1. Find the residue count for the stretch 113-168, including only residues that are over 27 Å from Leu98 (Cβ atoms) and of a type in the set (D, E, K, R).
2. From Asp239, Asp220, grab the single residue that is within 16 Å of the ligand (Cβ to nearest atom) and at negative phi.
3. Would you mention how many residues in the stretch 343-372 are away from the ligand (no atom under 16 Å from the Cβ) and outside any strand (DSSP E or B)?
4. Any idea how many residues of the stretch 92-130 are crowded, with 20+ Cβ neighbours inside 10 Å, within 17 Å of Thr18 (Cβ to Cβ) and either out of contact with any Leu (no Cβ under 7 Å at 6 or more places or on another chain) or free of Cβ contacts under 8 Å to residues at least 24 places away in the same chain (or both)?
5. On the basis of being farther than 23 Å from Val261 by Cα, touching a strand residue (DSSP E or B) at 6+ places or on another chain (Cβ under 7 Å) and either of a type in the set (A, V, I, L, M) or away from the ligand (no atom under 16 Å from the Cβ) (or both), does Ala172 make the cut?
6. Looking at the stretch 29-40 only, could you name the residues that are surrounded by 18 or more Cβ atoms within 10 Å (Cβ to Cβ) and among the polar types (S, T, N, Q)?
7. Testing Pro229 on (1) modelled with pLDDT of 95 or more; (2) over 30 Å from Asp71 (Cβ atoms); (3) not hydrophobic (A, V, I, L, M, F, W, C), one condition comes back false. Which one is that?
8. Between residues in the stretch 362-377 that are within 17 Å of His447 (Cα to Cα) and residues that are within 15 Å of the ligand (Cβ to nearest atom) and part of a strand (DSSP E or B), which pairs lie under 8 Å by C-beta distance while being six or more apart or on different chains?
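The values are calculated or read from the model by the stated rules, or taken from the named source; none is laboratory data. This one's a predicted model, so the numbers in the text were calculated from it and none came from an experiment. Positions of Cβ are backbone-derived with ideal geometry, glycine not excepted, and every protein chain shown enters the neighbour counts.
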Amino acid sequence: MKKQALPLKIGFASVDITPPKGVPLSGTSTLRPNEGVLHRIYAKVMILEQEGKRHVIMGVDAVGVKSELIDRLQERTRKLNVVSIICNASHTHCAPDLYDGFYDNLDDLKVVGLKNNFQKQVENKLVRLIEEGCKQLKSGYLAFNNQEEARFSVNRRRFYKGEWQLMPNFKAKIDQRVSVISAYHENGALMGVTYSYTCHTTTYYSMNLVSGDFVSVASDRIESELKVPAVFLQGPCGDIRPAMLNPEKPEFFGKTTVRDVERVGEELALAVIKSLNSRTKKLKPQLSAISAYTHLPYQMEMSDEKIIRYQKFGLKKGEKHTLEILSTYKENWFKKMLSRSIKDRQKPFTMPIIGLKFSDDLTILALGHELGSGYATLIQKRFPQIRILTLGYTNAMVTYVMPAKVIREGGYEGDYSNYCCGLPAPFSEVSEAVILDKACQILDEFHKKR
Ligand SMILES: [Zn+2]
């Protein structure tokens, strides 16, 4: 017997989280002064309610969000019957840090105080945002479309002069589809959209101004054209960035301007608007959520003895440690490692995985950290019959998490970024299987044959 679609309610809300001057900007492995605002930044939410249970899908203009923030949001919104939270950071590099990434070596207590205060304010704003989204809940339906593309992204890992470097690699196959989940009132009028694309929000990030990068431009354009809220959700863009090339040496990335941010933002907005005009498939919602975790193993153990020996005498013959090439990070890393107990240093690395099943043929799988794009392909391959929208940068942020192939190759994302982000060692290649197992468990549970 065919199942009857259960009634669905949908609500949107948004809140301005533009920081005051003094709260530094983050995202470039350093903290930068905040000298003003190019684009105001926001947190936006789409809330779905079915059978009294509420699911929060939130997009935040931030480099990343820490897991403690999500725990507190969950705690503070339980009374609203919120059963799942996807809090996805756009990864803009022109916003303050919501995960304390680069504060380890900052001893300016005034700045640390400003940052802590800002984080507290954002937490309160996000609670109110969820409350407001719940107040806005109205009967409606959802549709999904991923037929349009935006062509400005490129794989940023290229094998050049004997190693994997941060260079445009047009030969690597990437997914440039724009995934749009559109929400409609029962009378067919558009209520709001969420749109997802996989690309580092780093079109123009070396400036000291607040901005959501291309997301600011795209969401602005969509909202003024369609007169409804637009929520951006970042895909697994750990190894994907905007293709801004050096005109003289196009094999390298080049300098950019605000105009470039506008150009790519417009392109993304047009893809979203176009996808709403084409045939979109109405979903038969059967919402269900699983919020899970898994733990990723490291390549090696870092004992005190090993760290001290390495700090004092360098490496033993035949030993490899890519930290050698990162002289600016090296001393900080030693300091950080030795200040932590062995137990703390070897604490398992937590990867959140949140599954939100929309319907029999669509599920969002949202993972934490700077996830490599290869995961979307690996997960989709296991479940070819279901459309899976894979997100990164959700509910936790510490470092890059790459598939086994990239870990094997090495370079920034697969190897030494993990040291820069304060981990004792890069991840083991086994971490790929660990993530896929958990993802498959969730998808099996959602889509098991009945
Ligand atoms: Zn990044």
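1. Qualifying residue count, the stretch 113-168: 7.
2. Details: Asp220 fails: within 16 Å of the ligand (Cβ to nearest atom).
Of Asp239, Asp220, the one residue that is within 16 Å of the ligand (Cβ to nearest atom) and at negative phi is Asp239.
3. Going through the stretch 343-372 one residue at a time, the tally reaches 8.
4. 5
5. Working: farther than 23 Å from Val261 by Cα: yes; touching a strand residue (DSSP E or B) at 6+ places or on another chain (Cβ under 7 Å): yes; either of a type in the set (A, V, I, L, M) or away from the ligand (no atom under 16 Å from the Cβ) (or both): yes.
So Ala172 fits the description; yes.
6. Correct list: Asn34 only.
7. Exception for Pro229: condition (2).
8. Qualifying pairs under 8 Å: Ile364/Leu391; Leu365/Leu391; Ala366/Asn88; Ala366/Leu391; Ala366/Thr394.
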